[in-house]
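Read the figures in this text as sums done on the coordinates, not as results from a lab. Bear in mind the structure is a predicted one, so any value in this text is a computation, not a measurement. When we count neighbours, we look across all protein chains shown, and the Cβ atoms used for this are built from the backbone with ideal geometry, even at glycine.
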Amino acid sequence: MDNSYYPGNNYNPGGFPSGKMKYPHYIDPTAWDAQKRKIRMLGLASGLSILGYIVIGTFLSNLIAYLSRTAAVNFFPSADTLGFIMEIVYSIIAVGVPFLVMRLVMGKKYYDNPIPYSKPVNGKYFIPLVVMGLGVCFIGDIFTSIIAMASDSVYQASQYASAAITATPDNALDMLLYVLRTAIVPALIEESVMRGVIMQPLRKYGDMFAILMSSLVFGLLHCNLAQIPFAFIAGIALGYVVCITESLWTAILLHALNNTYSLVVSLGYSRYGQENSAVMYISSLVFYGVILAAAIVAYKYFTSDKTPRLRKSLAVNSGRNFIPAYAPGSAKVSNGNLVSAYLLNPGMIAAFAAVCIETVSMMSR
């Protein structure tokens, strides 16, 4: 990995323990200006990709609605079959294409980290990380429910969002498509984009910064107040497990498990009714049982000195144990400098505005 972020005369050859570096720290002003421009370009690309998602998603949504009213339905076993297929296509094209195209256009100068489709490291922590991550995702659901209950318009938006995915299968083909559409394809595509394309090039500036910014983009991608809180909180868990295991497969599994839980509960309510006490009891038992298990695992995990920690800087990420030392004339770099560089650019500002418009539009339906 390129180490040009830190000039040679600012290194501390004595070294510090891995993971101990904290912001603010000091680097050469010229080096920081170059990196700030790079962070702004990554933010710009993320914002433009969100806009691309909104535009393509709107087009595909209208196309799906149009096809469902035309003779195209006759080429499929049922209207649900067509709907499931089109929603799979929607996930692949609307979510995947804008970000992957932006990555190709900007090239390796900005997206210099590969997407980590590698075998997970820290294997003995794999299951604890998945349990903790699933618990965090479920906690995100709680926050979303609280916000929805506090606002009638947000509640209506959440009901509208849920209505878009309530079609349930009544044959083997539709069941397969339903699982692919709900649990598998979104996990593969969204993790490849969010924790791959978005998060990886930001990690040289600190894992936590990369996790938070990718989680914010993940939240904005959902475009409504009914889902943004959940997506942001879940994104933190998903980003964390990727940084610890150095593999997208951990997040893909976690994402798929969370979606599978929702899928099973949805099927249960669809078959037995929204007020069925057995479905409510079993789903609640699983839901709160996972949160309790996650809390116990998290306590043991974070109180141990042997568990892996997030990495703080390019120097640590490149396997070296030195960090910049202060020198007269150096530029002070804080987390706030990193966040402002990523967010305060035309692309991200336009994306925030577009998401606000989409949110208001959904809440007014």
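Data for the structure
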quantity: Residues residue 68 and residue 276, FRET efficiency given R0 of 22 Å [Cβ-Cβ distance, rounded to 0.05]; calculated: 0.15
quantity: Residue-by-residue Karplus 3J(HN,Hα) for segment 187-201, coefficients 6.51, -1.76, 1.60, Hz, glycine and proline x; calculated: 4, 5, 6, 5, 6, 4, 7, 6, 8, x, 5, 7, 6, 4, x
quantity: Estimated inter-spin distance, residue 286 and residue 360, nm [label 7 Å along Cα→Cβ]; calculated: 4.0 nm
quantity: Alpha-carbon Rg with Dmax, taken over segment 30-95, Å; calculated: 18.8, 63
quantity: Residue 171/residue 37 FRET efficiency (R0 41 Å; Cβ-Cβ; nearest 0.05); calculated: 0.15
quantity: Radius, Kirkwood style, for segment 244-293 when every pair of distinct Cα atoms is counted (Å); calculated: 12.2 Å
quantity: Label point distance in nm, residue 334-residue 146, each placed 7 Å from Cα along Cα→Cβ; calculated: 2.8 nm
quantity: Quarter of Cα convex hull surface for segment 219-262, i.e. mean projection, nm²; calculated: 3.1 nm²
quantity: For segment 93-99, Karplus couplings with θ = phi - 60° (6.51, -1.76, 1.60), whole Hz, Gly/Pro x; calculated: 7, 5, 7, x, 4, x, 6
quantity: Cross-link pairs 108/306; 38/124; 109/306; 108/312; 36/108 - those with Cα-Cα distance over 28 Å; calculated: 108/306; 38/124; 109/306
quantity: Sequence-distant residues sharing a close amide H with residue 227 (under 5 Å, placed H); calculated: none
quantity: Stokes-Einstein diffusion coefficient of segment 196-305, Kirkwood radius over Cα pairs, 4 °C, 1.567 mPa s, in µm²/s; calculated: 82 µm²/s
quantity: Residue-wise HN-Hα coupling along segment 283-290, computed from phi with Karplus coefficients 6.51, -1.76, 1.60 (Hz; x: Gly, Pro); calculated: 5, 5, 4, 5, 4, 6, x, 5
